[in-house]
1. Among the residues of the range 209-226, write down those that are part of a loop (DSSP other than H, G, I, E, B) and closer than 15 Å to residue 304 by Cα.
2. Could you check residue 106 against (1) surrounded by fewer than 15 Cβ atoms within 10 Å (Cβ to Cβ); (2) not in a loop (DSSP other than H, G, I, E, B); (3) not charged (D, E, K, R) and say which number it fails?
3. Among the helices (runs of 4 or more DSSP H) contained in the range 131-193, which hold 2 or more residues that are of a type in the set (Asp, Glu), loosely packed, with under 14 Cβ neighbours inside 10 Å and modelled with pLDDT of 70 or more?
4. For the range 77-87, does any single residue satisfy the condition of being surrounded by 15 or more Cβ atoms within 10 Å (Cβ to Cβ) and at pLDDT 95 or above?
5. State yes or no: is residue 60 in contact (Cβ under 8 Å) with a residue 40 or more places away in the chain, part of a strand (DSSP E or B) and of a type in the set (Ser, Thr, Tyr)?
6. If we keep just the residues of the range 260-285 that are modelled with pLDDT of 90 or more, of a type in the set (A, V, I, L, M, F, W, C) and not in a loop (DSSP other than H, G, I, E, B), which is nearest to the chain's Cα centre (by Cα)?
7. Any residue at all in the range 33-41 that's closer than 21 Å to residue 158 by Cβ, of a type in the set (Lys, Arg) and crowded, with 16+ Cβ neighbours inside 10 Å?
8. Quick check on the range 247-257. Is at least one of its residues surrounded by fewer than 16 Cβ atoms within 10 Å (Cβ to Cβ), at pLDDT below 90 and among the aliphatic types (A, V, I, L, M)?
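The values are calculated or read from the model by the stated rules, or taken from the named source; none is laboratory data. Keep in mind the model is a prediction, meaning the values are calculated, not measured. Glycine also receives a Cβ, built like all others from the backbone with ideal geometry; neighbour counts cover every protein chain displayed.
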Amino acid sequence: MSQKIAKKVLEIERDALSSLINRIDSNFEKVINALYNIKGRVIVTGMGKPGFIAQKISATLSSTGTPSLYLHPAEALHGDIGRVTKDDLILALSNSGETEEMVKFLPIVKKIGAKLVAMVGNTKSILAKNADYIIDTSIKREACSLGLAPTTSTTAMLAMGDALAIALLEKKGFKETDFAFYHPGGILGKRLILSVGDIMRKGRDNPIVNENLAVKKVLLSITKARAGSASVVDSKGRLIGIFTDGDLRRHLETMPDLINKKVKDVMTRNPVTIKKDKLAAEAFDILRSKKIDEIPVVDDKKRAIGLVDVQDLLKAGLV
């Protein structure tokens, strides 16, 4: 029984969302242009369940390059209306368009001079009649069997809010790097912002050894740096190889006198390298695809300047 009800709910909401597609017309384009051209912020408001949807829409707008805040209509009537200026645009959500707090809110908005977009289920409501622009989110019925709990109506508002935000994002030419700027704390932001130069080991933490140095001294350098490898360079500081714990293990059985050998005789030649201006995420992809733990960082003259270890990526939160 529960499965049948759940499927019916999803079918009702699916059909409601499908019906919204035909409402994307020139009027929708006018709303996008209004949002694009405002000098202030998008103030999103709604009472009850539409209020929760309004908060989500406001958050989506803010994170995609459009300054926005949520304003509770009841609190607006008790002083918070002072947050609104004539340069702002108000996006008001209401299924009935007749909610008391929203209706009382209207005269003040008009006095301030802010533009008003009504996202409503009743295009003949008081809210719709007083709006500069109307977005029709009307539905045939709520998914609630009693026809009372806001279900389909709020789903329609949520979806239309996403449509507005993404259409506006595209119009503004919002890119991945812009998105990362507004999400610096998340993994996505880190992947799009952090460069190899931001996380690479350098100085004392980056063991660089001459090709003629004995393995025992190379191991000492690695230990002091608490690294997993050492970059091997020629007399001009150009990278010619890398010596890792894997190289050490591979030669232990066949070379009893390994620690006294020159590192150039046991190192891995021509290792994979990366430049410091590359994204740290690219370094991670190389480590994963090549199944290695370290990547030497080189400059344009192939001089060793840093080292990226998988542990560095872990600390940076990229893994």
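1. If the condition is that a residue be part of a loop (DSSP other than H, G, I, E, B) and closer than 15 Å to residue 304 by Cα, then 211 is the only one that fits.
2. (1)
3. Passing ranges, in order: 152-172.
4. No.
5. It is false that residue 60 is in contact (Cβ under 8 Å) with a residue 40 or more places away in the chain, part of a strand (DSSP E or B) and of a type in the set (Ser, Thr, Tyr).
6. 274
7. Yes, the range 33-41 contains a residue that is closer than 21 Å to residue 158 by Cβ, of a type in the set (Lys, Arg) and crowded, with 16+ Cβ neighbours inside 10 Å.
8. yes
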